[in-house]
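The values are calculated or read from the model by the stated rules, or taken from the named source; none is laboratory data. Keep in mind the model is a prediction, meaning the values are calculated, not measured. Note that we place each Cβ from the backbone using ideal geometry, even for glycine, and neighbour counts take in every protein chain shown. Just so you know, the surface numbers come from the protein's heavy atoms only, side chains and all, with ligands and any DNA or RNA stripped out. Shrake-Rupley method; radii C 1.70, N 1.55, O 1.52, S 1.80 Å.
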Amino acid sequence: MAAAKPLGDKPLGRSATASSGLAAGAPPGTPASEHFGGTPVVGTFFAQGPNGKDWYCTGSVIDSSTRNIVLTAGHCGLGLKGGNYIFVPKFTMGAGPDQQPFGIFKVQHLFMDARYGPSQTSLPVSDLDTAFARVAPNQFGKQLQDAVHGALTFTQPSDYINTVQIIGYPANSHGNDTGYAVQCSQQVVTSQLAGYRQMQMTCGGYFGGTSGSPWIVDWNPTTLTGKVIGNLGGKGGGGSNDWTSYAPLFGQNAADLLNDAITNQDPPSNPPPYIGLSQANKFPEGAATWQHAKLLASGDYSGSHHSDLIVVWTDGEVTLYPGDGQGGFLAEKQLAPPKSIWTNAETITGGDFAGGSLYDLMVRWSDGEVTLYPDVSTAGLGSEVQMAPPGSQWKDAMQISAGQFHNGGYVTDLVVRWVDGELSLYTYVGAGTFGTEHQLLAPNSTWRNATLVTGANLAGQPNWDIFVRWVDGELDSYVATSAAGLGAEYRMRDANSLWTHDLVMTAGNYMGDNYNDDLIVRWSDGETTLYADSGPSYLGKENTLVYPGT
């Protein structure tokens, strides 16, 4: 190690040939990286044994309960997995193993997504170019995080546009004969790599060896803290030239992989195929449009036996997106034009109230009128049935949501959360009748804070469940709710700031498995997410339908 020579970042890596921080041909004004002494929370890898004098890729210390997790790139993990490696934080060239400032840490186990492979760097699955390693205590008996006195916080960003600092270890052949780390001379702003769930940034000097480098928001070199939102990697192993670099945008896949590393459980060996941004039937409109999605309703409006999505927009337009039964959607159908009466719709839900072959749409209007549109289809909304006249008590119905709460075979029941916190269940609702009312909760202060309420079949029982997003971001489900009362309460998320940005949601059977356990969420920035196969106490696999910043 004292006479170290770099291995680079084989089997995949940057093709840079420059000997300075900025390669020839970079656009005018492109910032360059600069060498510096490094930081304890970023390091590089060495192979033990005959090749022990070679450094390989970049890793960073991730905050965890186990205090022994290192982030790197998936294509780096492919090499690490086949060897006997150590991680060296703030590597000091010219110093032997016992003279490294924080010691050396043997890599015990690598955690990678089984769908990522060395021949796939140009494919959408390159979005999964992330790996985590568990390392043993150093030769002095200290866990990694305790030895370096700092760590980066794994963070799932809500946008592709972020201001980041990136720290890595280029190879010797790329101007790094000192073994120093590099960082950009200034913080840089990222953007989306078109067609991929990846960020890109422009700064020269991130050559071979920097694969795995953390992309850090709010980097504080004094406290050794920051939020890591990606790692250098992805398409082409991390870049298309010597001054443009890529990084997977951390999402649920990376979060699941980190959890596997923390719990020391191997990831699934045969996960479902990865559906990339360019593969799935996503919504063609971007986040700027979806910020105006005011109301959502799920139901079988095309006779396909899985859910379709109705959207009411802030300008009064109503559109239907037929589902494809695999979490994607086909081309939209307009049900009402912009500037229609639907600007006055306050809350909607889809159910099978009228008993026809297709689902119906129930609407509570701003004046307290409630109407039902039986058998909505791609052909249109059809005829209207009045359920309650204008000026009725229903002006105080803050949320309405259809479900199956009486062990029946059809979605003919309605849950209502009133303005005073009262919660009602109406069973056997039909065209022109609300059926039988059951009070689940008397007026109360707690349920006044139930910001979003939707019926869902999360537990797979005959009676459906109620899913609630509270004003503070807490998520709860009430399993097997019936006329006898609310079901057992399960906590999905404690109070948090992220889920306060969930502004609209609905649950349906979007994966075609006959369970209404797929949750669609429209966030405040227009990002729209499908959580497939959710359960009473957990959110299912995350599928992004509309990406932020688009």
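Kirkwood radius and radius of gyration were both taken over the C-alpha atoms of the chain, and their ratio Rg/Rh is 1.06. A Förster distance of 25 Å, applied to the separation of the beta-carbon atoms of GLN252 and ASN514, puts the FRET efficiency at 0.60.
Here's how it looks for GLY430: its modeled amide H is under 5 Å from those of GLY435, which are all 5 or more places away or on a different chain.
Simple spin-label model, 7 Å along Cα-to-Cβ: LYS339 to SER122 in nm? Distance between label points: 4.9 nm. Normalised per residue, the accessible area of the chain is 37 Å², obtained with a 1.4 Å probe and no contribution from ligands, DNA or RNA. Dividing the Cα radius of gyration of the stretch 59-186 by its Kirkwood radius returns 0.97 for Rg/Rh. For GLN186 and SER524, the difference between the fully extended length at 0.36 nm per residue and the C-alpha to C-alpha distance is 118.7 nm. Dipole of the chain computed with +1 at Lys/Arg Cβ and -1 at Asp/Glu Cβ about the Cα centre; of ILE104, SER482, SER211, farthest Cα towards the positive end is ILE104.
Helical runs (DSSP H, four residues minimum) scored at -39500 (n - 2.57) apiece and divided by the length of the chain put the mean residue ellipticity at 222 nm at -1500 deg cm²/dmol. Here the relative contact order of the stretch 61-135, from alpha carbon pairs under 8 Å that lie six or more residues apart, stands at 40 percent. Full extension of the segment from ASN84 to ALA442, taken as 0.36 nm per residue of separation minus the current Cα-Cα distance, would add 122.5 nm. Using θ = phi - 60° in the Karplus curve 6.51 cos²θ - 1.76 cosθ + 1.60, the 3J(HN,Hα) couplings for the stretch 86-93 round to 10, 10, 10, x, 6, 3, 10, 5 Hz; x is entered for Gly and Pro. Label point of THR225 set 7 angstrom out along Cα-Cβ; within the stretch 129-156, amide nitrogens under 13 Å from it belong to 150-154. How much FRET efficiency would the formula 1/(1 + (r/R0)^6) give for GLU384 and THR289, where r is the Cβ-Cβ distance and R0 is 30 Å, rounded to 0.05? With R0 = 30 Å, the Cβ-Cβ based efficiency is 0.65.
Across the accessible surface of the chain, with the other protein chains kept in place and a 1.4 Å probe, carbon and sulfur atoms take up 49 percent. Relative to the longest principal Cα axis of the chain, at what angle does helix 252-263 sit, 0 to 90 degrees, rounded to 10? It works out to around 60 degrees. Rounded, prolate or oblate: which fits the stretch 439-534 when a ≥ b ≥ c are the square roots of the eigenvalues of the alpha-carbon gyration tensor, with rounded for a/c under 1.5 and prolate only if a/b beats b/c? Cα axes put the stretch 439-534 in the oblate bin. The simple spin-label model puts a point 7 Å past each Cα toward its Cβ; for ALA114 and ASN270 those points are separated by 0.7 nm.
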